[in-house]
1. What are the residues in the stretch 119-137 that are open to solvent by 10 Å² or more (accessible area, probe 1.4 Å) and within 13 Å of the chain's Cα centre (by Cα), if any?
2. Any chance the stretch 1046-1055 includes a residue that's of a type outside the set (Asp, Glu), open to solvent by less than 10 Å² (accessible area, probe 1.4 Å) and closer than 27 Å to PRO1570 by Cβ?
3. For the stretch 236-269: of the residues being open to solvent by less than 10 Å² (accessible area, probe 1.4 Å) and among the β-branched types (Val, Ile, Thr), which is farthest from SER373 (Cα to Cα)?
4. Scan the stretch 325-347 residue by residue and report those that are in contact with a helix residue (DSSP H, G or I) (Cβ under 7 Å, 6 or more places away or on another chain), closer than 15 Å to GLN268 by Cβ and not in a strand (DSSP E or B).
5. For the stretch 1378-1430, how many residues meet the condition of being over 19 Å from LYS1506 (Cβ atoms) and among the acidic types (Asp, Glu)?
6. Going by what's in this entry, would ASP90 be described as at positive phi and either buried (at least 16 other Cβ atoms within 10 Å of the Cβ) or at pLDDT below 90 (or both)?
7. Which condition number does ASN274 fail, the rest of (1) within 24 Å of TYR218 (Cα to Cα); (2) in contact with a Phe, Trp or Tyr (Cβ under 7 Å, 6 or more places away or on another chain); (3) of a type outside the set (Asp, Glu); (4) surrounded by fewer than 19 Cβ atoms within 10 Å (Cβ to Cβ) being met?
8. Might you check whether a residue that is among the charged types (D, E, K, R), free of Cβ contacts under 8 Å to residues at least 24 places away in the same chain, open to solvent by 20 Å² or more (accessible area, probe 1.4 Å) and more than 21 Å from VAL41 (Cα to Cα) occurs anywhere in the stretch 191-201?
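The values are calculated or read from the model by the stated rules, or taken from the named source; none is laboratory data. Here the structure is a predicted model, which is why all the values come from computation and not from measurement. Don't worry about glycine lacking a Cβ; one is built from the backbone with ideal geometry, like all the others, and counts go over all protein chains shown. SASA here: full protein model, heavy atoms, side chains in, ligands and nucleic acids out. Shrake-Rupley method; radii C 1.70, N 1.55, O 1.52, S 1.80 Å.
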Amino acid sequence: MASWVSLLLFLFCQPLSQAREEISTTPILEFTSETAINNVVQDPQTGRIYLGAVNAIYQLGPSLRREARAETGPKEDARTCTPPASACHDTKPMPNLNKLLLVHPSNGSLIVCGSRYRGICSLLNLSNVEEQLYYSDNKGERTYVASIEDNVNVVGVMSNYSRDGHSFGVFLVGKGYGSLDSTKLISTRILQDVWDWVVFESIIEASTVQTTPFVPKYLHDFRHAFKEDGFVYFLFSRTLDGTDNKNLTFVSRLCEDDHHYYSHTELQLVCGKNTRYNKVQAAYVASPGKDKVLFMVASQEDDVHQSALCMYPLDSINERLVDIIGACYSNSGKHHGLPVVDIPYSSKTDCTSTIPVSACFCGGDFLPSPLASNPRYALTADAVWSWSGMLTAVAVTVENDHTIAFLGNTQGEVFKVDKTPGDAMGEKVNKNLFFDLSQSHLYITTEKKVPVQTCLQKKDCQSCVELRDPYCGWCVLEGRCTRRSECRRAEEKNGWLWSPKQQCVKIVSFYPANLSFKKTQKVQRRFSSHSLFVLCRTLLHARHTNMHSPRNKLFPFESILIFVLMPSQGAKCPHFENPDPVLIPVGYKTRISFEGINLDVYQVKRHVTLYNCSVGREDCSLCKNADPKYRCVWCAKQRACVYEKLCNPDQQGAIIPRFGPLRGGISITIRGSNLGIYKEDIKSISVVGQPCIHQKEKYSVSTSVVCEIGPVGPENNRNGTVEVEVKGGKRGTSSVYFTYRDPIPKTVRPFRGPKVGGTLITISGQFLETGSMDDVTVTMEGLACTVGGRNIVVTGSGFDLIQTAFLKVQADNSIAFEVCLPLLFWLSLLIIYLTKCIFHVPPPPPPSPPLSHRFPHNFCQDTISLTVGLCLQGRGFSKAMTAKEAQAFVGDVPCLVNTLQDDKLFLDPPSTMPSARSRRHRRDTRPELLDLTIKFGNGEWVVGSVQYEKKNELPLYIIIPAVIVPMLLIIAISVYCYRRKSQQAEREYEKVKHQLENLEESVRDRCKKEFTDLMIEMEDHTNELSEGRIPFLDYKTYTDRVFFLPSKDGANDVMITGKLNIPEARRAVVTQALNQFSNLLNSKTFLLNFIRTLERSNDFNARAKVYFASLLTVALHGKLEYYTDIMRTLLLELMGEYVLSKNPKLMLRRSETVVERMLCNWMSICLYQFLKDSAGEPLYKLFRAIKHQIEKGPVDARVKKAKYTLNDTGLLGDDVEYSVLTLQVLVHGEGPDVTPVKVLSCDTISQVKEKIIEQVYRNLPYSQRPKVDGVTLEWRPGSTGQILSDLDLTSQKEGRWKRINTLAHYNVRDNATLVLSKAFSVHQNYDQNQENHEERNALLEDDKVFHLVRPADELDEVKSKRGSMKDKSMTKAITEIYLTRLLSVKGTLQQFVDDFFRSVLCSGAVVPPAIKYFFDFLDEQALKHNNVDEETIHIWKTNSLPLRFWVNILKNPHFTFDVHVSEVVDASLSVIAQTFMDACTKSEHKLSRDSPSNKLLYAKEISTYKKMVDDYYKGIRQMVPVSDQDMNTHLAEVSRSHTDKLNTQVALHQLYQYASKYYDAIITSLEEDPAAQSKQLSLRLQQIAAALENKVTDL
C-alpha cells in the first residue's frame, strides 16, 4: 500500500490583505505524492521545488503547483544485477528510491541518483524534468554512485575540480555501505565527458577513504554535507574503532581542491553530557551572528525517545581540526603535551612527520590513513533544547535578532524551540526542512497533513505575547498579532509588543462612563502599564447617497468613528472634517485625509469601508448598471461584482509565439481574460522580467494584449513568465513560460544557384521556430529571400508605378486569380511571390464531354506497355514546372521523374507491378491495366494506362540442372585434389604417430602395473590429505621464501632471520626515523623518483632490482592498494617503452626492471589464498606422486640420477640389481611400537634414514622432523648392534674409488629390525669397528666415492686398457632402451599432472580477482596501442601469470609447502614446468628426431593443454569485470590480515641502505621535480638521513 506524503507550505503569518475573519482558516498550500518522498531540493535561482520520490521526480512551482513529473520506476532489476539490466537474469520490477537529488544551476540540470542499477545517476532538465539530458547504464562500476540498499543514506554537495588550467563541475558524495555496494566512502563525480573520464565517474581514487577498513564494521551513516570557505564538510555517525556497535557523531573536512583526499580529517562531536545524544539525525548551517554555526539534532541510540538540539560554531570545528592536523604533522600527535590524534582506519598509529601546518594546510601524501580526533579531544556542546521523542529535521533562521530553530519529529509535528507543539496528527517529518528564497515560508515533508498555527490565529494581545515566539508580536495600533515586518509602525516605542518583557495595554477604568453620540469630549482611562491616557472620540458626517435608487443601492454608512489614544497631560482632542475621498469600497485599503483642529497633537490615518459593490448586484447586468463613480466591474473569475481593483487579471492564457530572439524586437500576443476594458488600462507588461512595449493599436478588450519584447542580457534569466499589470495595480502572471533564444541555422541546401534568383533553398538548424512567420526574414548577401512559395519574373517597363500586382491565369474555361505582393521592383523587372492558385472553373453545359484539364498541356492518353522506362510527350512542360516539382504515379506507387524537357517527360516506373489506385471505367477491366497519373501542385491528370509485360522466362527445371551440374563437378574435382594431398600428409603423420604408439605399446603393460602400484601405495597418503594434513606454509614463511630465498644469502638473509644489529641506545631513534621513512615512501612523488633514480644507475644490477622490489613489497604491504597504484604507473611506462621500440612481445619476459619483480610479488601475494583453497592440493599430490615414483627405484646418491624420472638427463643409464625390503624400525626413547618402512637394498644409509624419518614422522612438517645428520641407525642382527653409516672402514674399494655403503653391503635382510636414535644418545664404539676419529674424517673428506655408477670419464686406466666388457658397458651413454622408462613414469603420473593443470587453467571455477583485474588491465592498455595484436596480448598474459608465478611455484614446492625437494624430484618438476610453459605459448612446436626427449615426452598432450590455456584466457575475458574498488577491497583485506606478521622495520632499514648508497642522485632528482619541491621531500629525506646515520647534515 503506497504511503501518502504531503509537502506543506508553512506560512509564518497571513498576508496583510486577507480579512481578519479568515484568520482561523489559514490556507496550507500542499502537494501530495502517491509514493514516499525521499529528497527535496530547491533551485536557488527560480525557487522551484524538486521532489525525489519513490519511482518519480516532481517539479513544483514555489507555491507547490505541479509543473512536471518524470517517472523513474519501477524498473526491471535484481539485487545482484550488473547493468545493463538486459544482460541480467531473474529480474523483476523493483521500486526505485531516490537516493540523491542535487541542483546544478550552472548548466540547468538536476542530478538524480536512485537505488536501481547499482545506484546509477541521470541528468534532468531543470526547466522540465520530463526531459532527460543524460543517462547511460553501460559505463561500468566507475559510474555507480548511490546504493541499492534502502537503509543506506547518501549525501552530496556541488563543487568544482581544477586541473591543468581547466575547471569542471563535480559533486562530492558521501555514502554508507551496503552489502552489494562499492566501498567508496567519499567520491568525487565528474559531470561531463573529459579526457578518459565519463559522466558520473569517480575521478579521484584515494585508498584512504575508499577501501575495506571503512566497511562494514564502522557503520558509517551520513546525514548532511555542505561546503564553506574552500572546505567540504560531511556529518555522519560511525563506531569508534570497529570493535563495538555504539555510534558516535563525527564531522569530517576536506579541502575542496584536494585531489587525493589527503586532508580528510574527522572530529568527534559530543552533544550533551557524557555523550548522551550520540547519533546525529539531521543538521542545518546558519549564521545567527557574524559566524556560521552548525545546528545538529541528535538522539540516544539506546533510547529513541530522547533527542536534543546542539550548536557547534564552524570556527571552533576548524580550530580543532587544525590542532589535530598540526599535532600529527608537527608534534608527534600531541597538542599541549596531550595526545589528540587517532588513526582509526590503519594499524599504524604513529605521527612522525615534522612539517609546519597552517590553517589552510591540506595534508600530505605520506600518512597511511585519514586522521581523527582522540575521544578526549572531541568538541563538546551542551544540549540547547531536549525533547522526549525522536527529532528528525531542523531548519534555522534569524528573525528580529533572534535565532529560531524549527524542528520536526517522528510524530509529524513541526515546532519552534521554546514552543510547545500541538497534538500529533502525522507521522515522521523527514530531513527535508528548509525555507523559501524570501525566508518567509517553510517547506515541510511529512507523511500526513500537519495543521500549523500562525500568528494571526491569536486574536488578542495576551494570547499573542504568550506565544513567546520571536515571529509574533502584538501590533498595538492595528490591533492584531503579526510579524514585526508586517506592523507598519513597529519601530515606534511600544508600537509592537513582543514577549517576554513587554506587557499588553489593558484598560483598568475610564471616565466618564457615558457620553452623547454626537458630543465630543475627553474620556480618561487607566491602563495596566500605570500610565494615564485619554481616549478621544470624534464623529465624522459622511455624504448621504440616494438609498432608494436601485442603481445606487450600495448601503453606504452615515458616519465614521475615530478613536485617538493620547497622553492626558494638557492634551486636546483633535477635530476632523471633510474626509477625502468620500466613497471607499469594501475590502480595499484606501488612504483618507481630513481637515480639522489640534491635528498637530496626533495625526490619524484610518482604514474604513463605506460601500460594497456586490450587494444587490448578483449578475453581470446589474453590475454593469451600477453608477460609474463606484467603479464596479463584473469579475468573471470570481463570478461577482467587485471594485475594479479587486478583480485580478486572469493568470491563465497563451503566449504567441513562445520563443523570441535575444535581441528582442518582435511582437508577442498575450491571450487571457480580465485584461482591462480600455487599452489605457494596460499599465505595464514584462516578459521574463524585461519590459515589453504595449502596442495599443492591437489591443483586444479584456482578451488579448500585444507588445514588443526588448533585448535580454547574458546575465539575465532567459526563461520565465509573462506578467501584465492593469489599471488599479492588479497583476496577472502567465501559466506558460516564454523563452529567449536565437535561431541557429546550420545547413543550406542547395549551396549555390543562379544570380537571377528563383532557387528554392532549405535551411536546417536549431530553434528555427523562434518568433512567428511574420518575424522571419532571410537575406543572402543583403538580398531578401522569401520564405516558401514560388517566384515569377516579369519583364517590362513602368513597374515602379505598381502598388499591388494581380496574377491572372487563363486555361481553357478556367480562370485563376491571386493577389501577389511584389518582392523587388525595377523599372523593367518585377519579381512576384506566388504562394497558391485557386481555379474558378465554371460548370460546363450538360451535353459537353467531361472537361479534361490540359495544364500545362494535353498528355497523350493511351495504353502503355511497360518495359524499361516511360516517355510522355506534350509541350510546355519546362515552362510550368521542374523535374523535382512534378510527380508521377503508376497505380498507387510513385515513379521517379528522371528527365523533364519542354515536350517530353521521362519516368522510371516501379520494377514490380503495383496495385491499382483508381481504375478507369472502361470495357477493358483486365487487372494488368494501371492508371498513369501526373501531379503538379494542386492539379492531377490521368494520362493513360500502363500494362506490365510478361517476361518469357525459362522454366526452373531447365535452369537448375544447367547451373547445379557444372558446380557439382567442380566441387567434386576440388574435393578429390584436396583429399589426395591430405591423405599424403596424413600418411606422413600416421607414420610418426605409429612410431610413438609402438613405443608406448611396448611399455603399456608396465605403465599399468606401475600406476596400480602407485595408486595403492598412495592410498594412505590420500587419506592424509583428506584429513587436512597438507603442510602449507604460513603467510610470512611463504612470502619470505618467494621473495628472499633466491637471494645470495638464502635462508640466512636478514629479511628471513629478522635480525638487525642496532645498538640499544639508538634503537628508539632509528625506529622513529624508519617510521618517517615509511611515511616518505607513501608519497607517490618520492617513491617514483626513488625507483627511477636507482634504475638509471649503472651498478644497480638485475639481482639488486629483484631484491629491492621484494623489500619494497614488504615495506608497502600495509597499503597494497597504494603498492598496486605504483605498479600500474611503472607498468604503463614500461609498456610505452616496449611499444615504441616495436618489440612489445618482449615485455615481462624477464625480471630486468623493478616493476617486473613487483608484479611477480604482487601475483604471489594475491594468489596465496587461491593456492591454499584450490591449486595447493593437486600440486602437493603431484609432488608426492613424483617423489614416491622416483623412490620406488634406485637413485644414485652421488650423481643424482634415478631409474624412474621424467628428465632424460637425470635418467639412470644402468640396470641395477636390487630388491625391496621392509624394515621394522624402532625409535629409541619413543616406546616399543615398531614402524614398517619400505626401502631398497641398494639404498645408501642416508637414503634409508630419509625414508625412515619420512615414514615415522609423516604427521610432522619437514621443518619439525629430525635431520639425517642428527640421527644414527643401528642394526641389531644378534645380541650386539652395528652402527650403519655411508662410509666406514668396511667400504668397498675399486682402485682409488670407494663405493658408498648400502643395505646390501651390510647384508641387511627383509624384516630386519633397526633402531633409530638421536646422534648424541648413541654411544659409538669405534674400537669395536677398529675405527678412529682421524680415519673417519679422512673417509668423509675423500671425494673419490660413488654409489651405483662410476663416472665414465673416471675409469681406472688399467681396467680401461684391459677392455673388459663389464667396464665398457659402464662407459656407454644412456641408450634409447632406457627412454621407455620416461614413458612409464609419464603414464603413471599423467592423472596428477592433468589434475594440477585443470586446477590452474579452469576459468569455470573460482578465478582469483587479481588475475581478472590484471588481464583486463592488459586488454585495456592493448586497445590504446595500434601495434598490439592478440598474439602479443596472449604473450603478455603468459609472461605475467604462468611464467612469472605458476612455473616458479611448480618448480619450487617448498615455497608453498613445508617439504624438502631433492635434486632428482626437482629435475622431474622442471620437465612438467617446461610442458606448462610450452602449453602457454602461441608458437607451434615442430618435432623431429633431434628434438629433446622432454618435449617428445608430452608432444601428444601439448595441443590439449594449449586449448586449455586458450579457453582459460577467453573465459577470463568474458567474466564480470573486477572494479578498482573491488580490487582495493581485496588488497586492503590482505594488508589487514598479514602485515603485522612481516618484518616491515627490517625491510625499511634495508631499503634505506639503497637510499643512502644513491643519496646524492636521489636528492638531485627531488630538487629538480616541482611536485617534490612543493612537498619538501628532499628536506624530509635529509632529516631521516641525519637521524638514521647519526650525522650532521647541511640542515
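1. Selection gives ILE120, SER122, TYR135, SER136, ASP137.
2. So the first thing to find is which residues in the stretch 1046-1055 are of a type outside the set (Asp, Glu), and the list is 1046-1048, 1050-1052, 1054-1055.
Checking which are open to solvent by less than 10 Å² (accessible area, probe 1.4 Å) leaves us with 1055.
Checking the rest, the ones that are also closer than 27 Å to PRO1570 by Cβ come to none.
Checked the stretch 1046-1055: no residue is of a type outside the set (Asp, Glu), open to solvent by less than 10 Å² (accessible area, probe 1.4 Å) and closer than 27 Å to PRO1570 by Cβ.
3. Selected residue: THR239.
4. Listed by number, the residues that qualify are VAL340, TYR345.
5. Count: 3.
6. Working: at positive phi: yes; either buried (at least 16 other Cβ atoms within 10 Å of the Cβ) or at pLDDT below 90 (or both): yes.
Spelling it out, ASP90 is indeed at positive phi and either buried (at least 16 other Cβ atoms within 10 Å of the Cβ) or at pLDDT below 90 (or both).
7. Only one criterion is unmet by ASN274, namely (2).
8. Step one: of the stretch 191-201, the residues among the charged types (D, E, K, R) are 193, 196, 201.
Keeping just the survivors that are free of Cβ contacts under 8 Å to residues at least 24 places away in the same chain gives 193, 196.
If we keep only those that are open to solvent by 20 Å² or more (accessible area, probe 1.4 Å) too, we end up with 193, 196.
Applying the additional criterion that residues be more than 21 Å from VAL41 (Cα to Cα) yields 193, 196.
Within the stretch 191-201, one or more residues are among the charged types (D, E, K, R), free of Cβ contacts under 8 Å to residues at least 24 places away in the same chain, open to solvent by 20 Å² or more (accessible area, probe 1.4 Å) and more than 21 Å from VAL41 (Cα to Cα).
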